[in-house]
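Just below is one structure, and these are the notes that go with it.
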Amino acid sequence: MGCGRVGSSLARILDAKGHSVAVVDREVAAFRRLGPDFKGQQIVGVGFDRNTLLEARIREAHAFAAVSSGDNSNIIAARVAREQFGVGNVVARIYDPKRAQVYERLGIPTVATVPWTTDRLLRAVVPEGLISEWRDPSGTVTIVQIPYHRNWLGRPLVELESELAIRTAFVIRFGNGVLPTPDTVIQEGDLVYAACLSGDVYQVSEAATWLPGEGN
């Protein structure tokens, strides 16, 4: 649902990969973005209207993406697809990160546009900075790579967690992902990815460069 820049791009990619795609939008002119090679359905109508969705063959759908410009329309359409038609894979684009957290609790995966875009811009302007690798839909919790001081080598990972007030999600060791245990010791070349509150990222970045014990 939604044939704006995101919706049309998603539809074209899926269509080019051989998927059967139906696109719903209120405006006929919006379908121009799909281009002349698009082979899927183009349905004019409201994306959460039952008859419109039936015309788009919602009963046969494997997935439904609500990517219009309105948060309310997206979440209503996503819930209709999930709850009334039993579509297994449903996602809604949400501009308000606070709303995204609520919708996640309703079982609707969301993409909070503002935090996601902010992260990508930060990667462009501060490529070496402590930028999140993943962020929850509400933007509250993030996973970052921790640039720890070399003096942490040979010390228990739990000590680093305690010092920085973080929780390690995983460690990349010799190119492989490792789930840490209470006995894990930091080794040369380890890349430590940890979860922390988004508001604490700057403090974590600063503290990570300290020598062990300096934060106490």
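Run the simple label-point estimate for D37 and T209 please: 7 Å along Cα→C-beta, distance reported in nm.
The two pseudo-label positions are separated by 4.8 nm.
Applying 1/(1 + (r/R0)^6) with R0 = 30 Å to the Cβ-Cβ distance of K98 and L14, what FRET efficiency is obtained, to the nearest 0.05?
So the FRET efficiency works out to roughly 0.50.
Using only alpha carbon pairs under 8 Å that are at least six residues apart, calculate the relative contact order of the stretch 5-116 and give it in whole percent.
Relative CO of the stretch 5-116 lands at 18 percent.
Within the stretch 159-183, what residues put their amide N at less than 14 Å from the label point 7 Å along the Cα-to-Cβ vector of H149?
Only 160-161, 163-164 pass the distance filter.
How high is the relative contact order of the chain, in percent, with contacts defined as C-alpha pairs under 8 Å that are six or more residues apart?
Contact order relative to length: 13 percent.
Taking neighbour counts of Cβ atoms within 10 Å as a proxy for exposure, in what order, fewest first, do L211, L197 appear?
Fewest to most other Cβ atoms nearby, the residues stand as L211, L197.
May I ask you to sort T209, T110, T142 by Cβ crowding, counting other Cβ atoms within 10 Å and putting the fewest first?
T209, T142, T110
Looking at the chain, what % of its DSSP beta bridges pair antiparallel, to the nearest 5?
60 percent
Can you give the extra length, in nm with one decimal, that the chain gains between R57 and E188 once fully stretched, where that is 0.36 nm per residue apart less the Cα-Cα distance?
41.7 nm
Across the chain, where is the longest run that never hits GluC sites (Glu not before Pro) in a DSSP loop with at most 12 other C-beta atoms within 10 Å?
Free of exposed loop sites, the longest segment is 28-127.
Using a Gaussian network model of the chain whose springs link C-alpha atoms within less than 10 Å, name the residue from N151, N74, N89 with the highest mean-square fluctuation.
Fluctuation is largest for N151.
Taking neighbour counts of Cβ atoms within 10 Å as a proxy for exposure, in what order, fewest first, do I166, I172 appear?
The most exposed by this proxy come first: I172, I166.
Name the chymotrypsin sites (Phe, Trp or Tyr not before Pro) in the stretch 129-204 that are in a loop by DSSP and that have at most 10 other C-beta atoms within 10 Å, would you?
Listed in order of number, the matching sites are F174.
Looking only at trypsin sites (Lys or Arg not before Pro) in DSSP loops with at most 12 other Cβ atoms within 10 Å, what is the longest site-free stretch of the chain?
In the chain, the maximal stretch lacking such sites is 58-216.
None of the figures in this text is laboratory data; all of them are computed from the coordinates on show. No experiment lies behind these values; they were computed from the predicted model shown. Every residue, glycine among them, receives a Cβ derived from its backbone with ideal geometry; neighbour counts consider all protein chains shown.
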